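*Asks:* Quick one: the structure is below, and I'll ask about it shortly.
Bear in mind these aren't lab numbers, they're just calculated from the coordinates by the rules spelled out. Since this is a predicted model, take the numbers as computed values, not measurements. Every residue, glycine as well, gets a Cβ built from its backbone with ideal geometry; the counts of neighbours run over all protein chains shown.
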């Protein structure tokens, strides 16, 4: 936190603090174990401590922060069990979401899904792994926002934010990226056939592969 910033006029102070701190945690600008002091945050964000306190509590409820008795809030560590817990939930919810997506949305959204996979494949061919990651997130957002189930949309969004944090910890892996693009293509092909069971199977495979990959990575590279 080495620069001050201005608060957007159209954003509530609590929402601004929440989004700013969450982005810094997900990007690992605020690293694991970092102690967050309300007074310092107030000076950094140029807002009072009351909305900051509310934002910190919200982030703690979402699992990004932990309370340290006598010290305050700190950025939560990510361990192997966190990886398992996150992907167990994602596998269940993403499978449900892809089913609802196929059953409920017009063709236009499926076309958008197809275009996103084409962009992923083109970015992979160009060696642009960062772009692949961006299209990856967009792919999952397309069906998440189109399940016609707001509670599911919210829960998946929180889990996806946790996964983004994990992705930002891990180094780019071209082989895993290639495999992930293939898995997205398999999900898409089933969606375009309106094959619910095929899409569910493909989503299971995708989430299971990510779980194994990140579990192994976090065991090997997690900072002590």
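*Asks:* Could you give the length gained on full extension between residue 205 and residue 161, defined as 0.36 nm per residue of separation minus the Cα-Cα distance, in nm?
*Replies:* Net length gain for the segment: 13.8 nm.
*Asks:* With r defined as the distance between the Cβ atoms of residue 68 and residue 173 and R0 fixed at 41 Å, what FRET efficiency is calculated, to the nearest 0.05?
*Replies:* Numbers: r = 33 Å, r/R0 = 0.80.
With a Förster radius of 41 Å, E is 0.80.
*Asks:* Under the definition of Cα pairs under 8 Å and six or more residues apart, what whole-number percent is the relative contact order of the chain?
*Replies:* Contact order relative to length: 23 percent.
*Asks:* Springs between alpha-carbon pairs under 10 angstrom, Gaussian network model over the chain: which of 42, 208, 12 fluctuates most?
*Replies:* 12
*Asks:* Where does each of 168-179, 90-101 land if you order them by average Cβ count within 10 Å, highest first? Please report the intermediate quantities before stating the final value.
*Replies:* Details: 168-179: 13.1, 90-101: 19.6.
The densest-packed peptide leads the list: 90-101, 168-179.
*Asks:* Hey, another quick one. Given the Cα-Cα distance of residue 12 and residue 53 and 0.36 nm per residue of separation, how much length would full extension add, in nm?
*Replies:* Between residue 12 and residue 53, full extension yields 13.4 nm more.
*Asks:* With the Cα gyration tensor of the stretch 13-75 giving a ≥ b ≥ c as the square roots of its eigenvalues, does the rule (a/c under 1.5 for rounded; else a/b larger than b/c for prolate; else oblate) give rounded, prolate or oblate?
*Replies:* Because its axes are fairly even, with a/c under 1.5, the stretch 13-75 counts as rounded.
*Asks:* With angles folded into 0 to 90 degrees, how steeply does helix 80-104 sit against the dominant principal axis of the chain? Use alpha carbons for both and round to 10.
*Replies:* It is inclined by approximately 50 degrees.
*Asks:* How big is D for the chain, in µm² s⁻¹ as a whole number, if Stokes-Einstein is applied with the Kirkwood radius of its Cα pairs at 20 °C and 1.002 mPa s?
*Replies:* Answer, rounded: 114 µm²/s.
*Asks:* I need the shape label for the stretch 94-205. Rule: rounded when a/c is under 1.5, else prolate if a/b > b/c, else oblate, with a, b, c from the alpha carbon gyration tensor.
*Replies:* It is oblate, given that a/c is not under 1.5 and a/b is not larger than b/c.
*Asks:* Also, quick follow-up: Mind checking the angle between helix 196-221 and the chain's longest principal axis? C-alpha axes, 0 to 90 degrees, to the nearest 10.
*Replies:* The answer is roughly 40 degrees.
*Asks:* The stretch 77-112 to the stretch 7-70: how many Å between their Cα centroids?
*Replies:* Distance between centres, Cα-based: 27 Å.
*Asks:* With an 8 Å Cα cut-off and a minimum separation of 6 or more residues, compute the relative contact order for the stretch 13-75 in percent.
*Replies:* Values: 66 pairs, mean separation 27.0, N = 63.
That works out to 43 percent.
*Asks:* Now for a different question. Which value at 222 nm does the chain reach when only helices count, each DSSP H run of 4 or more adding -39,500 (n - 2.57), with the total divided by all residues and rounded to the nearest 500 deg cm²/dmol? Working shown, then result.
*Replies:* Values: 9 runs with 160 residues, N = 224.
It lands at -24000 deg cm²/dmol.
*Asks:* Expressed as an acute angle from 0 to 90° and rounded to the nearest 10, what is the orientation of the C-alpha long axis of helix 150-169 relative to the principal long axis of the chain?
*Replies:* Roughly 80 degrees between the two axes.
*Asks:* I'd like the FRET efficiency for residue 125 and residue 88, computed as 1/(1 + (r/R0)^6) with the beta carbon distance as r and R0 of 41 Å, rounded to 0.05.
*Replies:* 0.80
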